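Below is one structure, written out as structure tokens; comments come after it.
The values are calculated or read from the model by the stated rules, or taken from the named source; none is laboratory data. Keep in mind that what you see is a predicted model, and the values were worked out from it rather than measured. Cβ coordinates were reconstructed from backbone atoms using ideal geometry, including for glycine residues, and neighbour counts include every protein chain displayed.
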Amino acid sequence: MFSKEEAKELRLEFWQKLSNRTRRLPGQKGRKRLWIGDNTGIKGLDLRFDVGREKIIVALEINKKKEEDRLALYEKLEAAKGLFEREFEGPLIWDFAYTKDNGRDVCRVYVEQPGDMYVRETWPEIFTFMIDRMIRLEKAFLEVKDYLKYM
């Protein structure tokens with residue numbers, strides 16, 4: 001087990017190494033890859049990484065505070081599921097009632113794999129998964145973004 005400080009340093013190193021790894025992506029010319037993240041242009045909709053001790057998740061997350069707004073946006077996204085998954089190039093997990101570790105309910109469309117961010121030896125495999133799936137998720141999101149904007 002790690003002390004709080006050791007775990008913090010390891011998390012920081014993990015994210016720094018992921019950022020450095022994105023500099024080697026085609027077209028980046030040594031610059032780190034800037035992900036869309038929470039700058040999607042749609043309030044309450046983010047693209048995010050969720051990493052921990054048991055699994056690695058790459059997700060589109062709808063986190064609007066009002067449940068009816070959250071579910072309405074999710075239903076609209078779900079109506080474009082065929083196109084979204086075709087652009088993603090694979091199936092995704094669709095969950096309209098995902099409960100985060102902090103107890104907050106969100107809607108999520110995501111892909112996951114087992115993994116532990118605290119095991120350095122697995123980082124290359126984890127980084128490959130995270131980068132590949134986020135590139136694909138961004139591509140799928142951009143295909144339906146204009147459709148989702150207008151509610």
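Give Glu61, Glu54 a once-over and let me know the one that is over 19 Å from Ile126 (Cα atoms) and either among the charged types (D, E, K, R) or touching a residue at least 60 places away in the same chain (Cβ under 8 Å) (or both).
Glu61
I need the full set of residues from region 72-104 which are acidic (Asp, Glu) and assigned to a loop (DSSP other than H, G, I, E, B), in order please.
Scanning region 72-104 gives Glu89, Asp101.
Condition check ((1) at pLDDT 95 or above; (2) under 15 Å from Ala80 (Cα atoms)) across all residues:
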{"residue": "Lys100", "(1), (2)": "no, no"}
{"residue": "Arg104", "(1), (2)": "no, no"}
{"residue": "Trp123", "(1), (2)": "yes, no"}
{"residue": "Phe129", "(1), (2)": "yes, no"}
{"residue": "Arg133", "(1), (2)": "yes, no"}
{"residue": "Tyr150", "(1), (2)": "no, yes"}
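What is the residue count in region 108-151 for residues that are under 16 Å from Phe49 (Cβ atoms), β-branched (Val, Ile, Thr) and assigned to a helix (DSSP H, G or I)?
Within region 108-151, residues that are under 16 Å from Phe49 (Cβ atoms), β-branched (Val, Ile, Thr) and assigned to a helix (DSSP H, G or I) number 5.
Quick one: in region 123-132, which of the residues that are without any contact (Cβ under 8 Å) to a residue 12 or more places away in the chain and closer than 15 Å to Ile57 by Cα is nearest to the chain's Cα centre (by Cα)?
Asp132
Looking at region 76-107, which of its residues are within 28 Å of Arg23 (Cα to Cα) and basic (Lys, Arg)?
Result: Arg86, single match.
Across region 48-59, what is the total count of residues that are part of a strand (DSSP E or B) and either more than 18 Å from Pro91 (Cβ to Cβ) or in contact with a Lys or Arg (Cβ under 7 Å, 6 or more places away or on another chain) (or both)?
Within region 48-59, residues that are part of a strand (DSSP E or B) and either more than 18 Å from Pro91 (Cβ to Cβ) or in contact with a Lys or Arg (Cβ under 7 Å, 6 or more places away or on another chain) (or both) number 6.
For residues in region 62-85 being small (Gly, Ala, Ser) and out of contact with any helix residue (DSSP H, G or I) (no Cβ under 9 Å at 6 or more places or on another chain), which is surrounded by the most Cβ atoms within 10 Å (Cβ to Cβ)?
My answer is Ala72.
For region 12-44: of the residues being among the aliphatic types (A, V, I, L, M) and at pLDDT below 85, which is surrounded by the most Cβ atoms within 10 Å (Cβ to Cβ)?
This residue is Leu25.
Could you check region 49-60 and list, in sequence order, the residues that are crowded, with 20+ Cβ neighbours inside 10 Å and closer than 15 Å to Arg136 by Cα?
Listed by number, the residues that qualify are Ile57, Val58, Ala59, Leu60.
Just need a number here: residues in region 86-114 that are surrounded by 14 or more Cβ atoms within 10 Å (Cβ to Cβ) and more than 13 Å from Ala59 (Cα to Cα).
1
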